[in-house]
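In what follows, a structure is listed as structure tokens, so that the remarks can point back to it.
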Amino acid sequence: MNKYQKFILDRTLCFVSKDMTVGSKTYFNSFINKDGEFEVKQDESYNIKKHNIILSGLKVSFIELDGIKYAPTNFEKHSYFDNIMIVIPVDFDNPAKELKLHFIDNFADALSIKLKFVAADKGLYDAKMLDALIKERTKTANIKVSTGADLVNIYFQPCCEDYVRTEIVLFKDNMMLAKYKIDEEAFFKSIGGLAYGKYTFVLKQFDKDSNALFETEHIEFTISSPKPQGIMPRVNRF
């Protein structure tokens, strides 16, 4: 890239987008890595394969993608663009190899740039989606706890449409005390005979094939001794 090409591209707006939305103001050269390649980064969802490279520059005449020509097109005025954009569709299932930029009035020589497709991190995205699903199902399950002198009542709702049954595992001092399988038509569990102290439980819900729909972290509750009632003064009657 010579100084004339760099001068133009430093002033050419550019975005890589899964649709036609654009983010903060970004310029073409910010996509060029240390090896001189144009990096096309996939959306965080690896299921989205089709993206667009979107450019707007006064000195860019047209662009070729592996020999296919893409010319400027008039779009509704955008806050980042004066009047025209060049939209170049790309596909992560069929990655192109090269962009070739042509400049108006031969202001600079045509520039060929290799493309590098950077795939999304599948593990990171799956973990994010799983975390969001667990939070959603935990909210829907609406778990509540109330305690008595020696018992706890645990209330819950089905976490989703696939719900069939619930299981509750009770712990004390990191020891598993009991595992309760709740009747399909019941949406609470009363556990009695508990000594004073701190306990935790884990609530799990399953579908008809016994696949786990979600599982909570340890939820804590305390069985406390009742507060002493005030002593009534003794009254002597004569």
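With the structure loaded, tell me whether ASP131 is among the acidic types (Asp, Glu), more than 15 Å from GLU215 (Cα to Cα) and out of contact with any Cys (no Cβ under 7 Å at 6 or more places or on another chain) or whether it fails that test. Spelling it out, it is not the case that ASP131 is among the acidic types (Asp, Glu), more than 15 Å from GLU215 (Cα to Cα) and out of contact with any Cys (no Cβ under 7 Å at 6 or more places or on another chain). Within the range 1-23, restricting attention to residues that are open to solvent by 80 Å² or more (accessible area, probe 1.4 Å) and either of a type in the set (D, E, K, R) or outside any helix (DSSP H, G or I) (or both), the residue that is modelled with the lowest pLDDT is THR21. Here LEU115 meets the list (1) touching a Pro at 6+ places or on another chain (Cβ under 9 Å); (2) surrounded by 16 or more Cβ atoms within 10 Å (Cβ to Cβ); (3) more than 30 Å from THR12 (Cα to Cα) almost entirely, failing just condition (3).
Residue count for the range 214-223 satisfying the condition of being assigned to a loop (DSSP other than H, G, I, E, B), touching a Lys or Arg at 6+ places or on another chain (Cβ under 9 Å) and open to solvent by 70 Å² or more (accessible area, probe 1.4 Å): 0.
Residues that are on the phi > 0 side of the Ramachandran plot and open to solvent by less than 50 Å² (accessible area, probe 1.4 Å) within the range 166-213 comprise just one, GLY197. Scanning the range 84-108 for residues that are open to solvent by 20 Å² or more (accessible area, probe 1.4 Å), aromatic (Phe, Trp, Tyr) and over 13 Å from ILE53 (Cα atoms) yields a count of 1. Screening LYS198 against (1) over 21 Å from LEU130 (Cα atoms); (2) outside any strand (DSSP E or B); (3) not small (Gly, Ala, Ser) leaves a single unmet condition, (2). State whether one or more residues within the range 129-143 are within 30 Å of PRO226 (Cα to Cα), β-branched (Val, Ile, Thr) and either without any contact (Cβ under 8 Å) to a residue 12 or more places away in the chain or surrounded by 13 or more Cβ atoms within 10 Å (Cβ to Cβ) (or both). Yes: the range 129-143 contains one or more residues that are within 30 Å of PRO226 (Cα to Cα), β-branched (Val, Ile, Thr) and either without any contact (Cβ under 8 Å) to a residue 12 or more places away in the chain or surrounded by 13 or more Cβ atoms within 10 Å (Cβ to Cβ) (or both).
The values are calculated or read from the model by the stated rules, or taken from the named source; none is laboratory data. Remember, it's a predicted structure, so these values are computed and weren't measured experimentally. In this analysis, Cβ positions are derived from the backbone assuming ideal geometry, glycine residues included, and neighbour counts consider all displayed protein chains. Heavy atoms of the whole protein, side chains included, go into the accessibility calculation; ligands, DNA and RNA do not. Shrake-Rupley method; radii C 1.70, N 1.55, O 1.52, S 1.80 Å.
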